[in-house]
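Below is one structure. I have some questions about it.
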2 protein chains.
Amino acid sequence: MSQLSVSEAVAETGLSAHTLRYYEKEMLLYEVPRDSGGRRFYTRELIAAIKFISALRATGMSIHGIKDYIDLYRRGEHTAQQRMGLLQSHEEAVQAQLKKTRASLNMIQRKIALYQSQLDAVAPNKQRA
Amino acid sequence: MSQLSVSEAVAETGLSAHTLRYYEKEMLLYEVPRDSGGRRFYTRELIAAIKFISALRATGMSIHGIKDYIDLYRRGEHTAQQRMGLLQSHEEAVQAQLKKTRASLNMIQRKIALYQSQLDAVAPNKQRA
DNA sequence: ATGCATGTTAGAGTGCGCTCTAAGTCAAGC
DNA sequence: GCTTGACTTAGAGCGCACTCTAACATGCAT
């Protein structure tokens, strides 16, 4: 069970088979093994890589940015420091993005509150009727 | 000063002139007034609308979704309840998105910590040297 | 009156991240 | 042996949100 078929990997990662192939073509995934019939299967390590790539995507890192990270990975252990630096600067970007989103959300929430008081003035205490 | 030229509106909102025109074409902005020479200018109300639209965009609402909201606005006061509902369901979507982003960020932070301990094992106490 | 910055238009182009298509292969079950 | 379903490929297509182009107009400063 440490080797998943395409459909199992789809179920496990939440990505589509199309997207898995696309990531492979873009070199985010490499050395994906095949069975005797030429079909892909995904090892535990690959599934972990896919999940990490998904986390990078979900936080807004571009495919290109992820590729840079993966390329460092492929170049060996001596790139660990650079990889960490990459992740750290991404983390900063995500924190900034979160801050901006929270500020925008706040503005939206104030607007909702405005609607609530406005609707309340028109039809007050409706819940007590 | 309650009427801003294009370049002033650009400075005030952080959007490009291209994007302002694009939003107008997509009907997110309407009745943008013109001076005698046919040039646009932006009233206080328009600037506020642009900033609110930017907040919706920054939280991931699509242009189409914003258009739906604006269309309700144009139809008059009796749509206030619907508009509020729209904002509320958007708020929920944003909260869910934030949650997902935080979870992904957490995964990335754990990876960074892993790098840190790994690099520390190779060159421990470097800071004390 | 000349030059230059700032604006106007319609429409084309761009970059991103998938997403789909079409035609074919393979293995297992009936 | 035949069907079915899961897979394969190269490459095209798509939706989104801008972003830019080209040719032209206006208005202020020298």
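List the pairs whose first member sits in the stretch B:8-28 and is within 11 Å of DNA strand D (Cβ to nearest atom), whose second member is modelled with pLDDT of 95 or more and not in a helix (DSSP H, G or I), and whose Cβ atoms are under 6 Å apart, counting only residues at least 6 apart or on separate chains?
Pairs that qualify, where the first residue is within 11 Å of DNA strand D (Cβ to nearest atom) and the partner is modelled with pLDDT of 95 or more and not in a helix (DSSP H, G or I), are B:Tyr23/B:Leu29; B:Glu24/B:Val32.
Can you tell which of A:Gly85, A:Gly76 is more than 18 Å from the chain's Cα centre (by Cα) and closer than 15 Å to A:Tyr30 by Cβ?
Result of the check over A:Gly85, A:Gly76: A:Gly76.
With more than 8 Å from DNA strand C (Cβ to nearest atom), at pLDDT below 95 and not polar (S, T, N, Q) as the only criterion, which of B:Met1, B:Met27 stands out? Break it down stepwise before answering.
Values: B:Met27 fails: at pLDDT below 95.
Exactly one residue qualifies, and that residue is B:Met1.
Would you pick out the residues in the stretch A:47-56 that are open to solvent by 50 Å² or more (accessible area, probe 1.4 Å) and either more than 25 Å from B:Thr101 (Cβ to Cβ) or in contact with a helix residue (DSSP H, G or I) (Cβ under 7 Å, 6 or more places away or on another chain) (or both)?
The one that is open to solvent by 50 Å² or more (accessible area, probe 1.4 Å) and either more than 25 Å from B:Thr101 (Cβ to Cβ) or in contact with a helix residue (DSSP H, G or I) (Cβ under 7 Å, 6 or more places away or on another chain) (or both): A:Lys51.
Can I ask one more? One residue is enough: does the stretch A:66-79 have a residue meeting the conditions of a type in the set (Phe, Trp, Tyr) and within 25 Å of A:Glu12 (Cα to Cα)?
yes
Mind checking whether some residue in the stretch B:33-48 is modelled with pLDDT of 95 or more, more than 16 Å from DNA strand C (Cβ to nearest atom) and within 30 Å of A:Val94 (Cβ to Cβ)?
Yes, there is a match, as at least one residue in the stretch B:33-48 is modelled with pLDDT of 95 or more, more than 16 Å from DNA strand C (Cβ to nearest atom) and within 30 Å of A:Val94 (Cβ to Cβ).
Criterion first (without any contact (Cβ under 8 Å) to a residue 12 or more places away in the chain and open to solvent by 60 Å² or more (accessible area, probe 1.4 Å)) does B:Gln97 satisfy it? Quick ask: steps written out before the conclusion?
Working: without any contact (Cβ under 8 Å) to a residue 12 or more places away in the chain: no; open to solvent by 60 Å² or more (accessible area, probe 1.4 Å): yes.
The answer is no for B:Gln97.
Scan A:Thr43, A:Thr101, A:Thr79 and give me the residue that is within 16 Å of DNA strand D (Cβ to nearest atom), out of contact with any Pro (no Cβ under 6 Å at 6 or more places or on another chain) and within 14 Å of chain B (Cβ to nearest Cβ). Please lay out each step first, then the result.
Details: A:Thr43 fails: within 14 Å of chain B (Cβ to nearest Cβ); A:Thr79 fails: within 16 Å of DNA strand D (Cβ to nearest atom).
Being within 16 Å of DNA strand D (Cβ to nearest atom), out of contact with any Pro (no Cβ under 6 Å at 6 or more places or on another chain) and within 14 Å of chain B (Cβ to nearest Cβ) holds for just one of A:Thr43, A:Thr101, A:Thr79, which is A:Thr101.
Please find, among B:Arg74, B:Arg39, B:Arg44, the residue that is farther than 18 Å from A:Thr101 by Cβ, touching a strand residue (DSSP E or B) at 6+ places or on another chain (Cβ under 9 Å) and in contact (Cβ under 8 Å) with a residue 24 or more places away in the chain.
On the way: B:Arg74 fails: touching a strand residue (DSSP E or B) at 6+ places or on another chain (Cβ under 9 Å); B:Arg39 fails: touching a strand residue (DSSP E or B) at 6+ places or on another chain (Cβ under 9 Å).
Checking each option against the conditions leaves just B:Arg44.
Now, a different point. Quick test for you: out of A:Leu114, A:Leu87, pick the one residue that is in a helix (DSSP H, G or I), open to solvent by 70 Å² or more (accessible area, probe 1.4 Å) and within 30 Å of B:Arg57 (Cα to Cα).
That would be A:Leu114, the only listed residue that is in a helix (DSSP H, G or I), open to solvent by 70 Å² or more (accessible area, probe 1.4 Å) and within 30 Å of B:Arg57 (Cα to Cα).
The values are calculated or read from the model by the stated rules, or taken from the named source; none is laboratory data. This one's a predicted model, so the numbers in the text were calculated from it and none came from an experiment. Reconstructed Cβ throughout: ideal geometry from the backbone, glycine too, with neighbour counts over all protein chains shown. Quick note on the areas: whole protein, heavy atoms, side chains included, nothing else; ligands and nucleic acids left out. Shrake-Rupley method; radii C 1.70, N 1.55, O 1.52, S 1.80 Å.
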